[in-house]
Ligand code: ADP
């Protein structure tokens, strides 16, 4: 005979329960003792037992994720019961209950508990109260967790912002510091190139040409660094004047004419002559299209095609806009990079590609072009994004870079006048 009377253990737990119901529960009850570190209920597993703690303590915990494998929700003391939710729902356990020290529990099989519960309003009410109070506790715990995690995220975000700022400052300082000596070197190199001794000597002429080409390349990289650092500090000044997209694109095409010929790349435009003038900063837009087109050149093998097309559209927000698409028949970009390539210094593929000449197939760059293009377009209130089925150097799936620029009232008036 057990030293415990189940009826007297259950009476304070379900106040108001009829004697007959109490007796039925008690007759179905069994008293069990377990050693330390016993798992009484396991989260997600099916269970058909209701437990009431008689002696000892039990820990209720939940599995969260790999980093926080176990979150302790609360401790249960003598007089507390558990396991009822899964029984009532006929489902699996919502949490794990285990012990640290020895424990003695009163156990009732599901069938007996549900039978009494079905006819006893006091027991049902008590269960509901108990479940709601647990839910409230769980809510509170979740809110505290969220607060803590939010604070941690905010701290991490501020740290990243500080690091990013330090990087931006460094880039800007390096850019400015390099520019001055480079201008001097460039001056001397040009003097050397025009010196009679050099002009007359074939090898020296070739060497000086090589020096100047490399200086130009370095100059372009430093310009990009300065451009991107200006974008970073939101110091982009947009000086809007009436601008023509077709003129800008033709200028970029003219800049690359020799390269396009050398690499047998076909350059086409479609619909650009029908685009209205827009109010825009021509220098900034030139930079944006320069980088999009130089990329199309770099990532398209010889003999490919680059198409720049434009049209007026009504955007989702109901605003009129012009949409320009720079499309190539190049190696394409995997979808996982579609957003990241617009971040500064982000490059896809092997780094070794990035050391050769600017307009060669897969030629190098510092990974700044698209960040500059995005900065320039966003500064105009526009959008830029890419669409490509993926990177495939055999199938040459190609890429399409979309640029949308809002049409102001002024440009619309001009458009409709000219149309
Ligand atoms: P980069 O100086 O490396 O060209 P960008 O910012 O201009 O830097 O481009 C970032 C990356 O996006 C490139 O390294 C390249 O992997 C990819 N990319 C950009 N344009 C294209 C394109 N037209 N086709 C394929 N890949 C491209």
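If we count other beta carbons within 10 Å of each Cβ, what is the order of 158, 32, fewest first?
Values: 158 10, 32 15.
Neighbour counts put them in this order, fewest first: 158, 32.
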Item to check | Mean ellipticity per residue at 222 nm, deg cm²/dmol - from DSSP H runs of n ≥ 4 across the chain, formula -39500 (n - 2.57) | outcome: -15500 deg cm²/dmol
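Can you give the relative contact order of the range 158-232 as a percent, counting alpha carbon pairs under 8 Å and 6+ residues apart?
Working: 36 pairs, mean separation 34.9, N = 75.
After rounding, I find 47 percent.
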Checklist entry - If one takes the longest principal axis of the Cα atoms in the chain, at what angle in degrees, from 0 to 90 and to the nearest 10, does the Cα axis of helix 245-255 lie? => result 70
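Ratio of Rg to Rh for the chain, alpha carbon only, Kirkwood? Each step should come with its number before you reach the end.
Details: Rg = 36.4 Å, Rh = 28.3 Å.
Rounded to two decimals, Rg over Rh is 1.29.
For the range 250-327, rounded, prolate or oblate, judged on the Cα gyration tensor with a ≥ b ≥ c (square roots of eigenvalues), a/c < 1.5 rounded, else prolate if a/b > b/c?
Numbers: a/c = 2.36, a/b = 1.88, b/c = 1.26.
Prolate.
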Checklist entry - Hey, what angle do you get for helix 202-232 against the long axis of the chain, alpha-carbon based, 0 to 90 degrees rounded to 10? => result 40
Checklist outcome for this item: Checking rank on 207-218, 395-406, 106-117, 58-69, with mean other Cβ inside 10 Å and highest first, the result is 395-406, 106-117, 207-218, 58-69
Item to check | Distance histogram in 5 Å bins (all Cα pairs of the range 241-418, percent per bin) | outcome: 2, 8, 17, 22, 20, 15, 9, 5, 2, 0, 0
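Cβ neighbours within 10 Å, averaged per peptide: list 257-268, 288-299 in order, most packed at the top. If you can, show how the numbers build up before the last one.
On the way: 257-268: 13.9, 288-299: 24.2.
Those peptides, ordered most packed to least, come out 288-299, 257-268.
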Checklist entry - Once a ≥ b ≥ c are taken as the square roots of the eigenvalues of the Cα gyration tensor of the range 231-292, is the result rounded (a/c under 1.5), prolate (a/b larger than b/c) or oblate (a/b not larger than b/c)? => result oblate
Item to check | Most mobile listed residue (329, 348, 132) in the chain, GNM with C-alpha springs under 10 Å | outcome: 132
Item to check | Principal-axis tilt of helix 369-379 within the chain, Cα atoms, nearest 10 degrees | outcome: 80
Checklist entry - Which three extents, in whole angstrom, do the alpha-carbon atoms of the range 189-286 cover along their principal axes, largest first? => result 53, 37, 21
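Roughly what % antiparallel, to the nearest 5, for the DSSP beta bridges in the chain? Write down the numbers at each step before the final one.
Details: 51 of 56 bridges.
Antiparallel bridges make up about 90 percent of those DSSP assigns within the chain.
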Checklist entry - Once Rh for the range 158-232 is found with the Kirkwood sum over Cα pairs, what is the Stokes-Einstein diffusion coefficient at 25 °C and 0.890 mPa s, in µm²/s? => result 173
Checklist entry - Tell me, how many Å apart are the Cα centres for the range 62-134 and for the range 253-284? => result 71
Item to check | Euclidean distance between Cα centres, the range 141-188 to the range 1-54, Å | outcome: 60
Next on the checklist: Please rank 345, 361, fewest neighbouring Cβ atoms within 10 Å first, as an exposure proxy.
Outcome noted: 345, 361
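Scaled to the compact-protein estimate 2.2 N^0.38 Å, what is the alpha-carbon radius of gyration of the range 55-173, rounded to two decimal places?
Numbers: Rg = 22.4 Å, N = 119, 2.2 N^0.38 = 13.5 Å.
Relative to the 2.2 N^0.38 Å estimate, the range 55-173 comes out at 1.65.
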Checklist entry - How far apart, in nm, are the 7 Å Cα→Cβ label points at residue 111 and residue 199? => result 11.1
Checklist entry - Taking only the alpha-carbon atoms of the range 6-119, what semi-axes of the equivalent ellipsoid follow from 5 times the gyration tensor eigenvalues under a square root, in whole Å, largest first? => result 26, 16, 11
Checklist outcome for this item: Checking rank on 168-179, 374-385, 40-51, with mean other Cβ inside 10 Å and highest first, the result is 374-385, 40-51, 168-179
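Any read-out appearing in this document is the output of simple, stated calculations on the displayed coordinates, not a laboratory observation. These figures come from a predicted structure and were not determined experimentally. Reconstructed Cβ throughout: ideal geometry from the backbone, glycine too, with neighbour counts over all protein chains shown.
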